[in-house]
1. Sort out which residues of the range 41-62 are touching a residue at least 40 places away in the same chain (Cβ under 8 Å) and within 17 Å of residue 5 (Cβ to Cβ), and write them in order of number.
2. Restricting attention to the range 12-35, does a residue exist that is at pLDDT 70 or above, surrounded by 12 or more Cβ atoms within 10 Å (Cβ to Cβ) and under 20 Å from the mean Cα position of the chain (by Cα)?
3. Yes or no: residue 83 surrounded by 14 or more Cβ atoms within 10 Å (Cβ to Cβ) and either in contact with a strand residue (DSSP E or B) (Cβ under 9 Å, 6 or more places away or on another chain) or not in a helix (DSSP H, G or I) (or both)?
4. Of all the residues that make up the range 63-77, how many are out of contact with any strand residue (DSSP E or B) (no Cβ under 6 Å at 6 or more places or on another chain) and without any contact (Cβ under 8 Å) to a residue 24 or more places away in the chain?
């Protein structure tokens with residue numbers, strides 16, 4: 001890792017208003033067999049601690065997170081897939097098939 005992230009206490013300045021870039025709500029949520037699923041898809045640079053409590057950080061551009069919140073009668077479940085964008089894109093059909101295979105259990 002060649003680039004280090006430097007954190008400062010400087011003021012952020014004036015915030016910018018970003019126009020809505022999310023897909024329509026019906027493209028983010030689907031209902032399958034009584035289970036509501038909310039989808040999340042984010043691309044960018046993966047920044048995380050190398051080890052818990054470490055000051056050293058991963059700094060990997062070109063990563064993607066594909067996640068879902070699955071709402072069931074027994075409470076929500078969270079499913080997440082993180083990796084290089086090409087790897088996540090290749091696994092997308094399997095991720096979608098997995099989500100569509102979820103069925104609520106009898107109460």
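The values are calculated or read from the model by the stated rules, or taken from the named source; none is laboratory data. Small disclaimer: the values here were computed from a predicted structure and weren't measured. Every residue, glycine as well, gets a Cβ built from its backbone with ideal geometry; the counts of neighbours run over all protein chains shown.
1. Selection gives 47, 56, 57, 58, 59.
2. Yes, because at least one residue in the range 12-35 is at pLDDT 70 or above, surrounded by 12 or more Cβ atoms within 10 Å (Cβ to Cβ) and under 20 Å from the mean Cα position of the chain (by Cα).
3. So residue 83 fits the description; yes.
4. The qualifying residues number 1.
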